[in-house]
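Notes follow once the structure below has been shown.
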Amino acid sequence: MKTKLKICGLKREEDILMANEIKPEYIGFVFAKSKRQVNLEKALFLKSKLDKMIKSVGVFVNEPIENVVKTVKSKAIDIVQLHGDEDSSYILKLKREVNIPIIKAIKVNKDFRNIEKFNEVNYLLIDSGGGSGKTFDWSLDLKFNKPLFIAGGISLANIEEAYKRFKSYAFDLSSSVETNGYKDFKKMKEISFKLEQLNGEDNE
């Protein structure tokens, strides 16, 4: 199975144009408080410029459900990513309101032992927590019944090791494809090309 690529934290029109050229399967808009935060108006503008083949993911942290629903219904995003302390009741309530896939981020340092409580979602995202850009303990045995996004410190330097270790559904990158806090086309292209190479080697 081909491992997919998500580039998160796009906030400028030029970020979208770079993504359109590189064509990751997913990009992320961060609605939570962050240096990469965008509001709904900005996300709608950016989405209008995005290649239709690329899915947009909205990243939320403990956001009131009505705000998430409003964002989904605006068509700014194709997938919801919950990156806070959202529990099963929150997720079930959200699913009654919207009919798009949901990714639940799992902080290895906090929620890892309670993984079974997230059966309601479509994907899990494993991270070291808080968008730190640091790797978690890769020696952990990550065998779950959901497709996995692997995040946290994935870069050109270690993506081959991560690819061979996890055989994950997707990798999620942000700070590792930035220079001085802005998306860097060269870094985005290099990581995309490397992942294509790894996928190609697996299919030979």
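Structure values in brief
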item: Those helices (runs of 4 or more DSSP H) lying entirely in the range 1-120 with at least 3 residues within 18 Å of the chain's Cα centre (by Cα) and within 29 Å of I191 (Cα to Cα); result: 13-22, 40-49
item: Selection from the range 171-188 of residues that are polar (S, T, N, Q), assigned to a loop (DSSP other than H, G, I, E, B) and surrounded by fewer than 22 Cβ atoms within 10 Å (Cβ to Cβ); result: N180
item: Output for the range 189-204, where each listed residue is in contact (Cβ under 8 Å) with a residue 60 or more places away in the chain and touching an Asp or Glu at 6+ places or on another chain (Cβ under 9 Å); result: K189, L198
item: Inter-residue pairs, beta-carbon under 6 Å, first farther than 12 Å from E86 by Cβ and free of Cβ contacts under 8 Å to residues at least 60 places away in the same chain and in the range 43-69, second of a type in the set (K, R) and surrounded by 18 or more Cβ atoms within 10 Å (Cβ to Cβ), 6+ apart; result: S56/K47
item: Some residue of the range 129-144 being surrounded by fewer than 16 Cβ atoms within 10 Å (Cβ to Cβ), closer than 26 Å to E63 by Cβ and at pLDDT 90 or above; result: no
item: Selected residue [at pLDDT below 95 and more than 12 Å from I7 (Cα to Cα)] from S155, S176, S168; result: S168
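The values are calculated or read from the model by the stated rules, or taken from the named source; none is laboratory data. Note that the structure is predicted; figures quoted are calculated from it, not measured. Quick reminder, even Gly has a Cβ in these numbers, built from the backbone with ideal geometry, and neighbours come from all protein chains shown.
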